[in-house]
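Nothing in this text is a laboratory measurement; each read-out follows from the coordinates by a stated rule. Just so you know, these numbers come straight off a predicted model, no measurement behind them. Here Cβ is always computed from backbone atoms with ideal geometry, including for glycine, and neighbour counts include all displayed protein chains.
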């Protein structure tokens, strides 16, 4: 064995199966050998000496090969010479070597296997097939310096490649799953983004349409809404007022667009306006402009001596403006004219501006439909008042001051002259009768004019009704209840009546009367008046 390389194989604690098999085999061989060679009890067994070489025994290969290793052709020599003495062991002569118990640890500790390298690498070796028991037992033995075979290396490489392929496939599968999930998340995110964009677009579109509809006024209400505009209000304040009553919905947009359309450069008049949402913000602002424009206009003439109810009725009938809106404007609006401040506001008169809607010919905008608003009521009334302002001049004011009369008193006298005189030639004489009576109130406390009473019973009753008109009778009836001048003018006099009121004839007349043809009879005394009245009755019968 000196020329052969020896490999020492160490076994682990799981060698029980192989050891049990080896003990059983050895026990069988010892039993067989002891049956053939009896043991002498009295012969002492000599202990082996250093010079004594144990008897060589043919190596015996255990059945089933070594567990945990591939079977190979080996030259195995086990050195295990045993010397037994009956005295030293104290055993009976009949006992065999197999009967002697062997310690597993001692056996494992002293057990060595010597492998011939030449025989191990012999090319003629063929690996026998293993049983399942041998395969299981192979797991318990590990050889310290054994090189794996090419088949084992190939098998291990195949297993490693298979494991790597499984790992790669699992990674690829997980990557595909993550990619699929990412696609699903991305698709869901895109869908949600698209839905949000669509909803936002719809909402913005609806809001934009609503803003534009304040200008276009499509499908808006035709119901009239009353709007009060303060004095010196600009276009922004007007639009805020329109928003307060619901005529426009988006004030900021209307202000932006109207400024772009130069509505901020226009002048607007204050007052009460009756507007509809379907007019649009530009149409509403045009209604309030001082310089209104329209495609359709009408020219109307108002005779001297017409009352406010007569004027409003004509405007209504010609589709300039509904009567109720004109009455509301007369009652509510504070018109910014200097002469208006000289009109008493607490005198109990029915229409504060009666006498100041100057009779003349005017052009008005008209509506295409019945009861429509062709021109706003403030603009209509302003046309009358503006004309009056130009007619009342400094000459009239100076003459009134000389007579000791206010402007309002002059207009009241002129309104009575306008109603009582049959024509302009009679106005100065009628004016003299009124002035004479006013200057001699102790003898003539009342004017005794039928026209002041007729103003209530005829014109106010037509406009207000009997019950409301009768409230004003005491303030206007100069025949019986009212001393001096009535509380207000009874019509709207012209220039001739105003000038007659300021310049009466110098007479001593205190009475006058007319026949049905308009002839006037003047008298200085009551007896003369009675005689004149009798003549009037006679003329009227003829």
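When each of the peptides 374-381, 459-466 is scored by the mean number of other C-beta atoms lying within 10 Å of its residues, the order from highest to lowest reads 374-381, 459-466. As a proxy for reagent exposure, 207, 235, 273, 362 were ordered by neighbouring Cβ count within 10 angstrom, fewest first; the result is 207, 362, 235, 273.
If R0 equals 45 Å, the separation of the Cβ atoms of residue 480 and residue 267 corresponds to a calculated FRET efficiency of about 0.40.
For the pair residue 252 and residue 222, what calculated FRET efficiency results from E = 1/(1 + (r/R0)^6), where r is the Cβ-Cβ distance and R0 = 25 Å, to the nearest 0.05? Could the numbers behind the result be given before it?
On the way: r = 25 Å, r/R0 = 1.02.
It comes to 0.50.
Among 227, 410, 209, the ranking by other beta carbons within 10 Å of each residue's beta carbon, starting with the fewest, stands as 209, 227, 410. Summarising the label geometry, the points placed 7 Å from Cα in the beta-carbon direction at residue 237 and residue 172 lie 8.2 nm from one another. Each peptide in 321-332, 525-536 receives the mean, over its residues, of other Cβ atoms within 10 Å, and ordering these scores from highest gives 321-332, 525-536. Between residue 337 and residue 204, full extension at 0.36 nm per residue minus the direct alpha carbon distance yields a gain of 43.1 nm. By the count of other C-beta atoms within 10 Å, a proxy for reagent exposure, 165, 409 are ordered fewest to most as 165, 409. Take the Cα of residue 361, go 7 Å toward its beta carbon, and the backbone nitrogen atoms of the range 300-318 under 16 Å from that spot belong to 300-304.
Using packing as a proxy for protection, rank 150-159, 26-35 so that the peptide with the highest average count of other Cβ atoms within 10 Å comes first. Show your work: numbers first, answer last.
Values: 150-159: 10.2, 26-35: 13.1.
Top to bottom by mean Cβ count within 10 Å: 26-35, 150-159.
Extension gain for the segment residue 189 to residue 149, taken as residue separation times 0.36 nm less the Cα-Cα distance, is 8.6 nm to one decimal. In a fully extended conformation the segment linking residue 346 and residue 527 would gain 61.3 nm over its present Cα-Cα distance, using 0.36 nm per residue.
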